[in-house]
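The values are calculated or read from the model by the stated rules, or taken from the named source; none is laboratory data. Being a predicted model, the structure only gives us computed values, none of them experimental. A quick note on method: Cβ atoms are made from the backbone with ideal geometry, for glycine too, and the neighbour counts reach across all protein chains shown. Quick note on the areas: whole protein, heavy atoms, side chains included, nothing else; ligands and nucleic acids left out. Shrake-Rupley method; radii C 1.70, N 1.55, O 1.52, S 1.80 Å.
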Amino acid sequence: MMTKKIGFIGAGNMANSIVGGLIDDGYPPSAIWVSNRGEQKRDNFALRFSINAATSNEALVSEVDVLVLCVKPQGMRALCEEIRPMVEKRKPLVISLAVGLTTETLNEWLGGKVGVVRAMPNTPSLLRAGATGLFASSQVSPREKTLAESLMRAVGMTIWVDDESKIDVIAALSGSGPAYVFFLMQAMQEAAEKLGLDKKAAQALTVQTVFGAAKLALESGDPPEILRQRVTSPKGTTERAIQSFSEDGLLGMVEKAMRAACDRACELSAELSKR
Ligand SMILES: NC(=O)c1ccc[n+]([C@@H]2O[C@H](COP(=O)([O-])OP(=O)(O)OC[C@H]3O[C@@H](n4cnc5c(N)ncnc54)[C@H](OP(=O)(O)O)[C@@H]3O)[C@@H](O)[C@H]2O)c1
């Protein structure tokens, strides 16, 4: 990765994962800055990774080439207004992790002249097993896109989309996806308990099954439909269960739920841009 000076505003969970991933990948700590509302949190964070602590958000912007905004969406407008004069002066590449805020809104709040990359990570990023969707505004150069991508790859895999509305689809798929999997896990575990397994065994077997199935899918590269057919013997137990799921309309239920999540992401964008 090119060694640019990178600054993180907001020393929370996401910044922790990305900075940890970058340093594990060999990124020099001396090229990383952090600022945070709470000073103690900022200092602990800087000490943990031996990176630079900036005395203020503005001081951080004055130092860096790439600015990663890691604060909650509700606090983003006030933050942008605070750093706008320095952003206008320095014109860093801005990467925002905030759910629901479009590149157009962020660019407007930051003075209208900076390139903004929007990243939609998910919670497994905290274990560097994340999936991140990326979208770049038209002001972002190919070199800056490469830089943004290598940064987010520090916490998992990345996918670019060419149309920002697809970020809402990614929010509905990989953003909310871990919760869907946990819901299915809960259903599997509860059913196993009703069928007679004790709680501990049911939970351990559920978790290992999901882990093993995901590993199989990842390592084989085969589509889920093929993987499913491979473990479904004619007239066997799996076939009976899959038939039951199909009769009860599982595919349609998932599609409806994901459409609802996608619509909500769209609504959130509209609400947040008005704040
Ligand atoms: N966690 C996820 O899995 C996930 C997934 C997708 C997207 N995201 C997005 O990633 C962003 C960060 O999420 P997170 O989970 O890392 O949040 P977090 O743990 O709550 O961290 C946010 C940090 O920002 C700091 N902060 C707030 N306002 C600030 C300001 N004006 N100046 C400087 N620092 C400020 C907070 O400091 P204090 O604690 O001192 O107030 C806190 O340390 C959010 O926009 C979220 O939507 C997160």
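Couple of notes before you dig in:
- Geometric descriptor of the chain, per residue, is 153 Å³ (volume of the convex hull of the Cα atoms).
- Its convex hull of Cα atoms gives segment 175-265 a direction-averaged projected area, equal to a quarter of the hull surface, of 7.1 nm².
- For Ile95, distant residues with modelled amide H under 5 Å away: Leu67, Val68, Leu69, Val117
- In straight-distance terms, cross-link reach from Lys194 covers every one of the lysines whose alpha-carbon lies under 25 Å from its own, apart from those fewer than eight places away in the same chain; here that gives Lys235.
- Put simply, segment 49-172 fits an ellipsoid with semi-axes of 22, 17, 14 Å; these come from the alpha carbon gyration tensor as the roots of five times its eigenvalues, largest first.
- Extension reserve of the Lys194-Ser233 stretch, reckoned as 0.36 nm per residue once the Cα distance is removed: 11.5 nm
- Of all accessible heavy-atom area on segment 6-164, the percent that carbon and sulfur account for (1.4 Å): 48 percent
- With DNA, RNA and ligands ignored, accessible area of Lys166 (1.4 Å probe; Å², nearest 10): 90 Å²
- Candidate lysines for bridging to Lys4, where Cα separation is under 17 Å - those fewer than 8 sequence places away on the same chain excluded: Lys91, Lys145
- Choice from Met76, Met258, Met188 showing the highest fluctuation, given a GNM over the chain with Cα pairs closer than 10 Å: Met188
- Of all DSSP beta bridges in the chain, antiparallel share, percent nearest 5: 15 percent
- Backbone phi angles across segment 122-135, fed through the Karplus curve with coefficients 6.51, -1.76 and 1.60 (θ = phi - 60°), yield HN-Hα couplings of 9, 4, x, 4, 5, 10, 6, 10, x, 10, 10, x, 10, 9 Hz in residue order; Gly and Pro are listed as x.
- GNM flexibility winner over the chain from Leu227, Leu127, Leu184 (Cα, springs under 10 Å): Leu227
- Residue of Gly175, Gly249, Gly100 that the Gaussian network model of the chain assigns the largest fluctuation, springs spanning Cα pairs under 10 Å: Gly249
- A 1.4 Å probe run over the chain, with the rest of the protein chains in place, finds 57 Å² accessible per residue.
- Centroid-to-centroid, using Cα positions, segment 214-245 and segment 117-178 are 29 Å apart.
- By accessible area, using a 1.4 Å probe on protein heavy atoms only, segment 175-265 has 64% of its surface on carbon and sulfur.
- FRET E, pair Lys274, Glu39, Förster distance 45 Å, beta-carbon r, rounded to 0.05: 0.90
- Here the sum of -39500 (n - 2.57) over DSSP H runs of 4 or more residues, divided by the residues of the chain, equals -17500 deg cm²/dmol at 222 nm, to the nearest 500.
- Calculated FRET value between Leu251 and Phe182, using beta carbons and R₀ = 25 Å, to 0.05: 0.80
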